[in-house]
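Okay, structure first, notes after.
Readers should treat all values here as calculations from the given coordinates under stated rules, not as data from a laboratory. This is a predicted model, so every value here is computed, not measured. We place every Cβ from the backbone using ideal geometry, glycine too, and count neighbours over all the protein chains shown.
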Amino acid sequence: MSYNTLRSAVRGRVLLPGDEEFDTARTPWNLSVDQPVAAVVHVEDADDMAAVVGYARAAGLSVTAQPNGHGASGTAADTILVRTRRLDRIEVDPVRRRARVGAGTSWGELLTAAARHGLTGLAGSSPVVSVVGYTLGGGLSWFGRKYGWAADSVRAFDIVDADGRQTRVTAETDPELFWALRGGGGDFALVTAVEFDLFAAPSLFGGSIVWPAERTAAVCAAFQDITDDAPAELTVWLNRLQPPQGPPVIAIAATYLGESARGRDLLRRLDAIDGIVADTRREFSPAELGTIANEPTAPGPGLLRTELLTTLDETAVEILLQAPIDPLMGIQLRQLGGALAEPTRGAVPPFAEPYALSLLAIGSDPDTVDAVRFTQKRIIADLGARVSGRRPYTVLSAGDSVTEVFDTSTLDRLRKLKRARDPHGVFRANFPVLY
Ligand SMILES: Cc1cc2nc3c(=O)[nH]c(=O)nc-3n(C[C@H](O)[C@H](O)[C@H](O)COP(=O)(O)OP(=O)(O)OC[C@H]3O[C@@H](n4cnc5c(N)ncnc54)[C@H](O)[C@@H]3O)c2cc1C
């Protein structure tokens with residue numbers, strides 16, 4: 001089937017191999033991942049998305065949506081890549097405390113719009129990640145300990161189904177699909193917009209504090225003390241960083257959803273650890289949430305491995321914070337617990353584990369990739385049963401599988417729905433439920 005048919009069916013730009021901008025358009029944010037797609041369509045609206053689905057189905061191709069490719073996995077052969085950035089409409093209803101955003105909206109854009117009304121959504125650490133991609137995978141938020149998974153805050157998805165029909169999916173109209181879209185990933189529909197709850201955030205305290213690596217033992221002890229009995233409004237992360245230039249450091253990043261005085265008080269024990277080289281703690285606007293972790297906002301070749309940690313005992317501390325970790329750039333421990341451990345209304349599994357562990361590196365040349373993957377595997381093996389083996393969907397990397405995310409009965413339910421609603425495999429998530 002000729003691509004001229006596709007070009008005449010959509011308002012947006014269609015780019016094919018050989019077109020000047022094709023390589024730029026197909027390249028994901030994570031530059032360590034190659035995406036050999038068949039075509040890229042910069043869709044203008046939901047009608048364009050429906051037209052792409054109709055074309056793909058007739059041509060025997062798949063469709064995958066990516067606002068930008070933070071979660072790209074490379075599973076993209078024979079696929080039309082839909083870029084959704086133009087669907088960036090944001091509506092905030094401060095009375096009902098609801099937001100409705102298009103499929104191309106980033107968290108930074110939504111947080112800015114909601115903060116004008118003293119409200120926030122359940123965003124993660126990065127302002128450039130999309131609301132829809134993050135939420136379809138569950139969405140592990142700075143405020144998850146208080147309000148749970150972002151996916152559970154959703155009230156409705158506007159979608160295009162595998163027959164190219166545009167519908168609104170809610171708990172009432174289509175409970176099974178609504179369940180799957182809340183944590184099961186992008187394998188079931190193209191989402192054109194999402195509507196979800198916002199939460200009061202009149203004040204927010206947080207920041208990051210950095211010490212030389214020599215203070216690791218004291219900072220780790222304080223981290224364990226603070227996280228042991230933290231209220232759900234407080235979330236604290238520990239970062240061991242080995243930047244390519246500059247000395248190694250140990251750092252804390254934290255947010256407290258409440259008054260600054262109380263937030264400052266909860267973190268006071270950190271003040272007693274001398275040698276602080278940087279301290280950004282202050283009252284923040286929720287619009288500035290993305291600056292707290294200060295993660296890179298420009299594309300790069302990230303090599304991430306995330307696991308859930310069942311305990312941070314002496315051996316785990318030795319392996320993660322004291323032993324050499326070259327060629328990794330850093331290790332991050334995110335505090336979980338609170339509402340994240342409670343049963344959910346969607347496919348996203350609750351986390352009983354107290355910490356999420358990420359082993360971070362950058363690089364794309366084969367030797368570096370091999371060395372990083374080897375070190376990540378070695379550290380995980382050394383941790384043994386301290387690693388539960390389950391992984392959050394949103395932080396899976398190329399080569400990972402959803403079998404590490406869902407228990408058997410959840411995965412069976414997702415697969416049954418996939419076969420029923422998308423029997424021709426029109427939709428291809430970054431981490432598919434079937435293959
Ligand atoms: C710097 C950084 C920080 C992060 N921090 C967090 C964090 O704190 N918490 C957390 O949970 N995750 C975090 N993530 C992971 C992030 O949530 C995932 O990478 C997520 O997949 C990003 O969504 P995206 O839409 O931006 O990326 P994309 O790669 O563009 O999309 C990811 C997948 O979502 C699906 N998808 C996207 N849009 C649609 C659509 N319209 N219809 C159907 N399917 C769609 C597709 O399957 C797509 O492959 C972080 C990632 C980065 C790079």
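How long is the gain from Asp407 to Ala272 if the chain were fully straight, where each residue apart is worth 0.36 nm and the alpha carbon distance is subtracted?
Extending this stretch completely gives an extra 44.3 nm.
Which whole-Hz couplings ³J(HN,Hα) result when phi for each residue of segment 229-235 is put into the Karplus expression 6.51 cos²θ - 1.76 cosθ + 1.60, θ = phi - 60°, listed in order with x for Gly and Pro?
10, 6, x, 5, 6, 9, 10
Could you order peptides 175-187, 343-355, 378-390 by the average number of other Cβ atoms within 10 Å of their residues, highest first?
Ranking the peptides 175-187, 343-355, 378-390 by packing returns 175-187, 343-355, 378-390.
Which aspartates and glutamates, if any, have their Cα less than 12 Å from the Cα of Lys418, not counting same-chain residues under 8 positions apart?
Asp161, Glu176, Asp187
As a check on your grasp of the helix formula, calculate [θ] at 222 nm for the chain: sum -39500 (n - 2.57) over DSSP H runs of n ≥ 4, divide by the residue count, round to the nearest 500.
Here the helix-only value at 222 nm equals -7000 deg cm²/dmol.
Among 21-30, 122-131, how do they line up from the highest to the lowest mean number of other beta-carbon atoms within 10 Å?
122-131, 21-30
Remind me, what semi-axes does segment 12-149 give for its equivalent ellipsoid, largest first in whole Å, using sqrt of 5 times each Cα gyration tensor eigenvalue?
Ellipsoid semi-axes (Å, largest first): 30, 16, 13.
Going by how many other Cβ atoms sit within 10 Å of their own, how do Val395, Val41, Val63 line up, fewest first?
Least crowded to most crowded, the residues run Val395, Val63, Val41.
Using DSSP to define loop residues, name the trypsin sites (Lys or Arg not before Pro) in segment 46-92 whose beta-carbon has at most 13 other beta-carbon atoms within 10 Å.
Here the trypsin sites (Lys or Arg not before Pro) that fit, given the DSSP loop and packing criteria, are Arg89.
Amide H of Val169: which non-local residues (sequence gap of 5 or more, or other chain) have their own amide H closer than 5 Å, using H built in the peptide plane?
It is Phe157, Asp158, Ile159, by chain and number.
Using 1/(1 + (r/R0)^6) with R0 = 22 angstrom and r between the beta carbons of Arg155 and Thr24, what's the FRET efficiency to the nearest 0.05?
Working from the Cβ atoms, E equals 0.05.
Taking neighbour counts of Cβ atoms within 10 Å as a proxy for exposure, in what order, fewest first, do Lys146, Lys377 appear?
Lys377, Lys146
Among DSSP beta bridges whose residues both lie in segment 34-160, state the antiparallel percentage, nearest 5.
Given both bridge residues lie in segment 34-160, the antiparallel proportion sits at roughly 40 percent.
Nearest 20 debye, what's the magnitude of the dipole of the chain about its Cα centre given +1 on Lys and Arg Cβ and -1 on Asp and Glu Cβ?
In debye, rounded to 20, the chain gives about 800.
If amide hydrogens are placed 1.01 Å from N in the peptide plane, which non-local residues have theirs closer than 5 Å to the one on Leu87?
Long-range HN contacts for Leu87: Gly104.
So how much slack lies between Thr280 and Leu16, counting 0.36 nm per residue of separation and subtracting their Cα-Cα distance, in nm?
90.4 nm
Between Ala58 and Glu214, what length in nm is gained on full extension when 0.36 nm per residue of separation is reduced by their alpha carbon distance?
50.0 nm
For every other residue with a beta carbon closer than 13 angstrom to the beta carbon of Ile380, add +1 if it is Lys or Arg and -1 if Asp or Glu, then tell me the sum.
Overall, the nearby charge balance is +3.
Once you keep just the Cα pairs under 8 angstrom separated by 6 or more residues, what percentage relative contact order results for the chain?
It rounds to 18 percent for the chain.
Provide the per-residue ³J(HN,Hα) series for segment 180-187, in order, calculated from phi with Karplus coefficients 6.51, -1.76, 1.60 and θ = phi - 60°, each as a whole number of Hz, with x at glycine and proline positions.
Coupling constants for segment 180-187: 5, 5, 8, x, x, x, x, 9 Hz.
Over segment 132-171, what is the relative contact order in whole percent, taking alpha-carbon pairs under 8 Å and six or more residues apart?
Reported relative contact order: 27 percent.
List, in order, the whole-Hz ³J(HN,Hα) value for each residue of segment 356-363 obtained from phi through the Karplus relation with A = 6.51, B = -1.76, C = 1.60 and θ = phi - 60°; use x for Gly and Pro.
Karplus values, whole Hz, x for Gly and Pro: 9, 10, 10, 10, 10, 7, 10, x.
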